[in-house]
Amino acid sequence: MSQSAREKIFVGPFIHSNEQGELIVVDRGMIHVKNGKISNIVINPNLDGIKNENVSVLSNSQFLVPGFIDCHIHAVQLPNLGVGYDKQLLEWLETYTFPLEKKYTDEKFAEQVFNTVVQQTIKSGTTTACYFASLYPKASIILGQVAANKGQRAFIGKISMNVKRSDNYYETTEQSIENINKFIEDLAKLNSPLIKPIITPRFALSCDMTLMKKLGKLAKEKNLHIQTHVSENQDEVKAVKNNFPEYPSYAAVYDAAGLLTNKTVLAHGIYLTDNELVLLNERDTAIIHCPSSNTCLKSGLCDIQRLKSKQIKIGLGTDVSGGQSCSILDAMRSALQVSIHLSLMKDNYKAVNYKDVFHMATLGGAAALAMDNQVGNFEVGKEFDALIVDTDVSDGLLNNLQSSSLEERFQKFIYSGDDRNIIEVYISGCKVK
Ligand code: XAN
């Protein structure tokens with residue numbers, strides 16, 4: 001790509017969050033992008049002397065927002081989207097999920113599914129995805145290749161599980177360590193600055209302490225991110241207590257393995273105790289809120305206001321296919337509804353609002369993944385990962401029957417918009433939709 005193609009100026013309204021979670025609404029600004037990064041931001045710019053060829057002026061119905069960050073999505077589970085919600089977690093895994101995941105020894109199938117996942121998530125505005133990939137290293141590399149080819153920023157997690165199963169859907173400890181090392185090596189060969197490996201023990205019921213400790217050590221040696229699940233379902237929590245009676249809590253099991261770091265994201269966390277939250281806060285470990293999955297699998301209502309009050313970093317996840325949609329916009333709405341349901345059940349409970357869920361889907365997710373110095377909002381020096389939203393597309397569902405302010409149109413998009421309103425998607429300054 002030529003130098004001028006890597007230089008672009010966007011002029012128009014933009015909306016983003018700051019570290020405090022406040023919404024910043026700019027009616028007219030200029031964002032200058034050079035080599036994928038934001039090089040300058042001017043509020044109420046004067047365009048005199050600026051070369052037209054690189055300038056995109058947004059129309060009255062358009063505005064820019066930072067790209068969405070899906071902190072927890074199972075790429076391999078996409079074919080099960082929308083089915084299997086008659087069961088709860090542990091039965092759901094056995095009945096629907098593991099049988100599907102075993103099919104990824106078929107590399108053609110893997111490529112087909114992953115092309116769809118990456119395409120659909122980009123279309124829905126996901127500029128960074130934190131993927132649970134496959135138990136199989138080859139399929140996991142294919143996911144990395146597809147994300148790199150389509151220009152999505154992604155963490156790729158080859159799943160580790162060494163607890164013996166009668167269907168052979170596990171690795172021995174030795175295979176598991178060999179496979180994860182080879183996976184990390186092969187993923188690096190893709191040579192994409194957008195793609196990173198993430199250490200992915202499935203959960204404490206799929207891995208023994210020996211494997212978890214080895215994975216914790218590997219993450220430390222190679223300074224890698226870590227992802228897993230925690231306290232999603234009451235039967236799961238009981239089973240973990242049963243399997244690891246020597247540890248005081250579920251979080252303590254991970255801590256003993258060295259898996260709780262400032263680059264660890266734990267999906268769900270519905271049933272964490274106050275002591276566990278203190279531990280996570282001390283380790284600067286994030287919880288990823290997966291409201292759609294928590295509802296579909298009837299896992300429970302995660303109280304994110306409680307997590308916030310304990311200063312826990314919170315990101316948002318679609319958790320496909322526990323969750324029924326690969327759109328982070330849908331996850332934002334599920335988060336709003338779960339919080340409203342909690343407020344109906346509890347006295348003096350303040351539900352989160354559209355600004356809070358937008359923060360979780362952008363800068364909050366970036367902080368959860370310890371990459372808020374890189375992405376999440378519009379700041380000079382950060383990567384330009386952004387969406388152009390248009391609330392007046394001809395085939396869209398948003399009504400524009402009366403004039404509304406910029407923030408009202410933003411609200412409409414959060415509550416009632418969809419991928420048709422996301423007309424352009426940029427990742428590291430490159431247009432990918
Ligand atoms: N725990 C899990 N929870 C979930 O929502 N999806 C999964 O695939 C899984 N595995 C362990």
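Please treat every number below as a calculation from the coordinates, not as lab data. The structure presented is a predicted model; accordingly, all values stated were derived computationally and were not measured. Here the Cβ positions follow ideal geometry from the backbone for every residue, glycine too, while neighbour counts run over all protein chains shown.
Here is how the number arises for the chain: DSSP H runs of 4 or more residues each give -39500 (n - 2.57), the sum is divided by the residue count, and the result at 222 nm is -10500 deg cm²/dmol. Packing-based ranking of 126-135, 49-58, 161-170, 191-200 yields 126-135, 191-200, 161-170, 49-58, ordered from highest to lowest mean Cβ neighbour count within 10 Å.
Please compute the contact order of the range 159-282 in relative form: average sequence separation of alpha-carbon pairs under 8 Å and at least six residues apart, divided by the residue count, as a percent.
Relative contact order, the range 159-282: 24 percent.
When you restrict to C-alpha pairs under 8 Å that are six or more residues apart and normalise by the size of the range 317-377, the relative contact order lands at 21 percent. With 0.36 nm allotted per residue and the present C-alpha distance subtracted, the residue 149-residue 301 stretch has 51.0 nm of extension available. Indicate the gyration tensor shape class of the range 68-369 (rounded, prolate or oblate), computed on the Cα atoms with a ≥ b ≥ c the square roots of the eigenvalues: a/c under 1.5 is rounded; otherwise a/b larger than b/c is prolate and the rest oblate. It is rounded, given that a/c, with a ≥ b ≥ c, falls under 1.5.
Counting neighbouring beta carbons within 10 Å and listing from fewest to most, the residues 302, 296, 430 come out as 430, 296, 302. Remark: for residue pairs 298/431; 189/313; 150/182; 217/238; 108/431; 164/308, the C-alpha separation exceeds 29 Å in 298/431; 189/313; 164/308. Residue order for 212, 345, fewest other beta carbons within 10 angstrom first, comes to 345, 212. Between residue 59 and residue 27, the modelled labels are 2.2 nm apart [label points 7 Å from Cα along Cα→Cβ].
Contact order, relative form, for the range 68-369: 20 percent (alpha carbon pairs under 8 Å, 6 or more residues apart, mean separation divided by residue count). The overall shape of the range 306-417 is oblate: from the C-alpha gyration tensor, with semi-axes ordered a ≥ b ≥ c, the ratio a/c is 1.5 or greater and a/b is no larger than b/c.
Applying a DSSP loop filter and a limit of 15 other Cβ atoms within 10 Å to the chymotrypsin sites (Phe, Trp or Tyr not before Pro) in the range 311-363 leaves 349. The ranking of 238, 433 by Cβ neighbour count inside 10 Å, starting from the fewest, reads 238, 433.
Applying a length cut-off of 18 Å (Cα extent along the axis) and a mean Kyte-Doolittle floor of -1.0 to the DSSP H helices of the chain leaves 107-123, 137-150, 173-188, 209-222, 328-345.
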